[in-house]
Structures are given as structure tokens and as C-alpha cells.
Amino acid sequence: MFWQKPDLTLQVEPTRRCNLNCAICMRKNLENLDSFLSLENFKKILQFKNFRFVGLHGWGEPLLNPEIFRMIEYAESKGVYTNLTSNGVLIGENIEKVFKSGLREIAFGIYNRKFFPVILPQIKDLIKERNERRGEFPQIYMDIAIYKDNLKQIPDLIKVACELGFDAVILHRLFNVHKIDSTVEYISREEEKELFSGAKELAGKKKLKLYLPRRHSLPCNVVKRSIFVTVTGEVTPCCFLPRDCMGNALKENIKEIRRSRKYTNFIKTMKSHSVCSKCRW
């Protein structure tokens, strides 16, 4: 997966509009909830040549943006490796566009079995189509956010991923520093250790790739290896800091923003930042 590679990754938010209202999502606390990024503005953002990978995700469902596949085609035409993260609700009607666009990776955020009836049949069709084409791309992942309420479901989710032919499962920690929903809690360190051990054993038996979250450190790997651009072009160090604007990629060069005093000072002082200092993601 590109997020595990050392090259700098550009993360771009295609839209803030969504067709779900997940309890674990911080979208409800944000502004510009009906915003869409245009293809023209995407091209402006992509002008910074240091990026070899672009991840299309944010606080909305990317497949709701009518220009999303043109963005992917454009990035791939420039030699930029593309990834998209989706909730899967609309993938069935976009399967042909996925292959035509040249998308390299797609991750489906599936954190609860209640979404299975709607999402899994569509993903099954996508996997079947890729296999029938005998193609390598897109690589297809199940992306699971860990929290207390789904802890016991995770082994079943891993088994389903294996049965359907997903290429890998990604586990990542819940991010709830902003207290998005007071009823949503992360698991204890002991529970996490037990979960990771069991998940590795199960994935090994199933011969399924499993990506676990790295040990958290400051300055964190996310800030070291990527940069997030919001739907309105604002450059932030992390998707979980959408209000920490360091500049605007539609008006300024991202390279210069990353070199600015404001950005470098942020990195130097992450340990005292009100959010970063509490983050375990």
C-alpha cells in the first residue's frame, strides 16, 4: 500500500458530502458539508511535483463527486499512483469507471457488520470483475476502525475479507480526540495487544495480508510522510486537523507552504499541540 512507502503522499478531500452518518466520523463537527472539489482545482493542487502518490479521501464520500474518476485519470496520466477510500455504498454503479480510470488501490471503510447487506454484494462484484479481467489493479482493502463496540466483530470481518478475496485488511485506531461522540470509545492497551495478536494469527491462517497501526510517536508518521488538502484547498498537516490551516494550495505552492515558518513550527511543537499531544492514531 502506498501509505507504507517512504515517498511523500498527497491526501486530497474530493467532497464533504456523504451518504452515511457514522458515529465514528468527525464530519458532523465541520463546515462546508456540501462542498465539492472541481477537476480544475484538483489539477492546481497536483502541480507540486514531489508527490508520487495521491489519496482521495476526507470527510465525505468521494464517489459522490461527479468528477472523481476524471481526477484519477488525470493523476495517473501524470505518473501519480492513486488510492481512493470509500464507504462502498455506490461502488456497484461505478465498477466500469473504476477500471477505466486506472485506479491503483481502493479501501472500503467497513467497521460494522450492519453494513454488510448493502456493501458486500457490490464489493463482491468488483472483486469478481477484476479477477475475470485477470488484472492486478485496483488492489482492494477492507479498512476497519477499531473501537469498543466492534471489538468482538473484528475476527468475523477479517474472515469475510478472506472469503470475498480482499487483498488485505487494514486495522487503525479510532481517532476521537475531538470527542465526536461521547458514546464511542477506544479499547484499552491490553485489549489492543490481544486484538493485534489474534488478528495476526487469524490472518496468517487465512493467508491474508494484514496492516496494523504503527506505534505512535511525535512528530508522527502521518505528518512526516503526507500532507492533507481540504475540499476548499486549505493545506493542513493531517486530516484530523482540518482547521489547522497552513496555507491554500489553490493560491500557493505546497512546497513553499511545507517550508514555511508556520509549518515547521507546528512540527517542532506537536508535543504541546492540544490535539496531537493526545493522539494515539
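The values are calculated or read from the model by the stated rules, or taken from the named source; none is laboratory data. Treat the numbers as computed from the prediction; the structure is a model and nothing was measured. Note: ideal-geometry Cβ built from the backbone for every residue, glycine included; neighbour counts use all protein chains shown. Remember, those area values only see protein heavy atoms, side chains included, never the ligands or the DNA or RNA. Shrake-Rupley method; radii C 1.70, N 1.55, O 1.52, S 1.80 Å.
What distance in nm lies between label points placed 7 Å from Cα along the C-beta direction at residue 262 and residue 148?
The two pseudo-label positions are separated by 3.8 nm.
Evaluate the Debye formula for the range 105-251 with equal point scatterers sitting on the alpha carbons, no solvent, and hand back log10 of I(q)/I(0) at q = 0.12, 0.18, 0.19 Å⁻¹, in q order, two decimals.
One equal scatterer on each Cα of the range 105-251 leads to -0.63, -1.18, -1.23.
Between residue 205 and residue 40, take the C-beta separation as r, use R0 = 45 Å, and let me know the FRET efficiency to the nearest 0.05.
Values: r = 49 Å, r/R0 = 1.08.
For residue 205 and residue 40, the calculated efficiency is 0.40.
Using a Förster distance of 30 Å, how high is the FRET efficiency between residue 77 and residue 252, based on the Cβ-Cβ distance and rounded to 0.05?
It comes out at approximately 0.80.
Per the chain: cysteines with no other Cys C-beta under 4.7 angstrom?
Among the cysteines of the chain, those whose Cβ sits 4.7 Å or more from every other are 18, 162, 220, 238, 239, 245, 276, 279.
Please work out the Kirkwood hydrodynamic radius for the range 62-172, using every pair of different C-alpha atoms, and report it in angstroms with one decimal place.
It works out to 14.4 Å.
Counting other Cβ atoms within 10 Å, keep those with at most 12, restrict to DSSP loop, and tell me which trypsin sites (Lys or Arg not before Pro) in the range 218-260 are left.
243, 251
Going through the range 133-194, which chymotrypsin sites (Phe, Trp or Tyr not before Pro) have at most 10 other Cβ atoms within 10 Å and a DSSP loop state?
none
Pick out, from 65, 228, 277, the residue whose Cα sits farthest towards the positive end of the charge dipole of the chain, with +1 on the Cβ of Lys and Arg and -1 on the Cβ of Asp and Glu.
The Cα lying farthest towards the positive end belongs to 277.
How many nm is it between the label spots at residue 269 and residue 218, if each spot is 7 Å from the Cα in line with the beta carbon?
1.2 nm
Any of 224/251; 100/128; 97/152; 43/124; 209/262 with alpha carbons more than 27 Å apart? Name them for me. List each step's numbers first, then the result.
Working: 224/251 23 Å; 100/128 16 Å; 97/152 35 Å; 43/124 32 Å; 209/262 39 Å.
Among 224/251; 100/128; 97/152; 43/124; 209/262, the Cα-Cα distance tops 27 Å for 97/152; 43/124; 209/262.
Pick out, in residue order, every one of the GluC sites (Glu not before Pro) in the range 117-220 that is DSSP loop and has at most 10 other C-beta atoms within 10 Å; say none if there are none.
Listed in order of number, the matching sites are 136.
Report the charge-dipole magnitude of the range 182-281 in Debye, nearest 20, computed about the Cα centre from +1 at each Lys and Arg Cβ and -1 at each Asp and Glu Cβ.
Its charge dipole is roughly 500 debye.
Spin-label point model (7 Å from Cα, Cβ direction): what's the residue 114 to residue 131 distance in nm?
Output for this residue pair reads 3.0 nm.
Give me the percent of the accessible area of the range 91-132 that comes from carbon and sulfur atoms, probe 1.4 Å, all protein chains in place.
That share works out to 48 percent.
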